[in-house]
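**Student:** Quick one: this structure, given as C-alpha cells, is what I'll be asking you about.
Just so it is clear, none of the values below were taken in a lab; they were calculated from the coordinates. Since the structure is predicted, the reported quantities are computational estimates derived from the model, not experimental observations. Note that each Cβ is placed from the backbone with ideal geometry, even for glycine, and that neighbours are counted across all protein chains shown.
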Amino acid sequence: MMLRASRAKLVLLAAVLVPAFTGTSYAQAGAEPINNLPNPFRTVRDWAHPPGGAPWAAVTAVEAAPDGSIYVIHRCAGNSCDGRKEPPILKFNKAGQLLKSWGEGMFVFPHGATVDAQGNLWVTDAQIKDGKGYQVFKFNPDGKVLMTLGKAGVASAEPGLFDEPTDVLVAPNGDIFVTEGHTGGTKGNDRVSKFSKDGKFIKSWGKNGSGPGEFNSPHTIAMDSRGRLFVGDRSNNRIQIFDQDGRYLDTWRQFARPSGIFIAKDDTMYVADSESWGPDEPGWKKGIRIGSAKDGSVKYFIEDMESTTIDHSGAEGVGVDADGNVYGAVVRRQMLEKHIKK
C-alpha cells in the first residue's frame, strides 16, 4: 500500500509539472496532457439493463445500428462467458428497452464489435478455452450467424487465423479488418489482418514493437471518411493511421491511451481512454476525448468518474447514436454509460 501511495504521489506531481497541450506535433513521444476541455454532455450511468433484472457484467463494446438499435456486448459474469448461460449480446431500442439477446455458449471473452452498413453486427472473441474462442462472428440483426472468421480454439499466426482478436471493422466496400493482440508483449499477433467481403484472407501487417507500423496491443480500429484506418495502439499510447493496404501514414498521441475509437460520418472522432494516469501516461486523465479525424484537434472531454485512479477504469468501448449521444462500455465498474447532449 505504501508503494502504491508513493506511485500515486509521483503521478500527481507529474500532472502538476506537465503544462497544457499547445503543440501540433502529434507524433512526438510524451505528448502534453489534454484534460481541460469543455464537456457538452450530461451523464446517465447504468443506462439500460440485462434481461431478468440481472446486473451488468463487464461491458466491453457498444454499437449503434442504422435502424436506431443499440447493441451492447458484455462478459456474462466474472469477466468471462466461459461456462456461462447468460447471453453476451443484448439489443436495445433508443429508450433502453431490451429487444433481443443472443450468443449463449458461443464466446469465451467477447471483446470488440462493429455494425456494418447493412446493419449486421460483428463481434470478436479474444480468448480461447475448451475448443472455443479466437474467432470473429457476423450476425444479422436477429442474431443469425452469417459468417465466421478464424478457427475455434486455435491460436495461430497463419494467414486467416488469429491470436487474441481485439476488434473488427467493415469498410464501405465490404472489406474486413481485424486487430490482434490484447495482452501485448510476446502474446498475441500484434497485427492487422484484412479479408475480402466474403471472408477470404488478403493480407496482414504489423508486429510487436514501438516503431512506425509496429504494435503493442492494437486494441481498437476505426475508419474515417477518407478511408484511412485509425488503429488504437494502446500499450504504445498512440493512434497509428494507415491506408487500407497497410501503408503507414501518421501517428497521433493527443488522444492519450486509446482503448476504443469511433469516427462519425462527419469525421468527429471519439476516443475512450480507460488506462491513463499511470507512469506510462503521467498527467492524462481517463475519459472520452472528442475531436476531429480531419486535423487531429481535440475539442471536448468527458471525464471519467475515476479519472485519476491508478487502476484501469472508465469506458473501454465507445459508441455514438444518430442523435449524437455517446455510450461508454465500462469494464471494471461493470456498467453502461450514456452521455446525452445538453
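**Student:** For K342, list the aspartates and glutamates whose Cα falls under 12 Å from its own Cα; do not include residues on the same chain fewer than 8 positions away.
**Tutor:** Filter leaves D323.
**Student:** Give, as a single signed number, the net charge of other residues whose beta carbon lies under 10 Å from the beta carbon of A31, with Lys and Arg counted +1 and Asp and Glu -1. Walk me through the intermediate numbers first.
**Tutor:** Details: positive: R238, R253; negative: E32, E281.
Net charge in that neighbourhood comes out at 0.
**Student:** Between segment 309-342 and segment 222-280, what's the alpha-carbon centroid distance in Å?
**Tutor:** Cα centres, segment 309-342 to segment 222-280: 17 Å.
**Student:** Right, another one. Quote the FRET efficiency, to the nearest 0.05, computed for N140 versus W205 with a Förster distance R0 of 30 Å and r equal to the Cβ-Cβ distance. Don't skip to the end; give the middle numbers.
**Tutor:** Values: r = 30 Å, r/R0 = 1.00.
Given R0 = 30 Å and the Cβ-Cβ separation, E is 0.50.
**Student:** Specify whether the C-alpha gyration tensor of segment 200-306 places it in the rounded, prolate or oblate class, a ≥ b ≥ c being the square roots of the eigenvalues: rounded for a/c under 1.5, otherwise prolate if a/b is larger than b/c and oblate if not. Could you put the intermediate results ahead of the total?
**Tutor:** Details: a/c = 2.13, a/b = 1.30, b/c = 1.64.
Judged from the Cα gyration tensor, segment 200-306 comes out oblate (a/c at least 1.5, b/c at or above a/b).
**Student:** When the helices in the chain are scored as -39500 (n - 2.57) per DSSP H run of 4 or longer and the sum is shared across all residues, what 222 nm value do you end up with, to the nearest 500 deg cm²/dmol?
**Tutor:** Estimated from H runs of four or more residues: -1500 deg cm²/dmol.
**Student:** Now for a different question. Suppose every Lys and Arg Cβ carries +1 and every Asp and Glu Cβ carries -1, with no other charges. What dipole size does the chain come out with about its Cα centre, to the nearest 20 debye?
**Tutor:** That gives the chain a dipole magnitude of about 360 debye.
**Student:** Compute, for segment 178-266, the length of the dipole vector about the Cα centre, with Cβ point charges of +1 (Lys, Arg) and -1 (Asp, Glu) only. Units Debye, rounded to 20.
**Tutor:** Details: 15 positive and 10 negative charges, 17 e Å.
About 80 debye.
**Student:** Any idea what the relative contact order of segment 2-341 is, in percent, if you count C-alpha pairs under 8 Å spaced at least 6 apart? Present the calculation step by step, with values, prior to reporting the outcome.
**Tutor:** Values: 976 pairs, mean separation 54.7, N = 340.
Over segment 2-341, the number comes to 16 percent.
**Student:** How large is log10 of I(q)/I(0) for segment 2-341 at q = 0.07, 0.12, 0.15 Å⁻¹ when the intensity is taken from the Debye formula with one equal scatterer per alpha-carbon?
**Tutor:** Debye intensities relative to I(0), on a log10 scale: -0.25, -0.78, -1.26.
**Student:** What distance in nm separates the two pseudo spin-label positions at S292 and A322, each 7 Å out from Cα along the beta-carbon direction?
**Tutor:** For S292 paired with A322, the spin-label model returns 2.6 nm.
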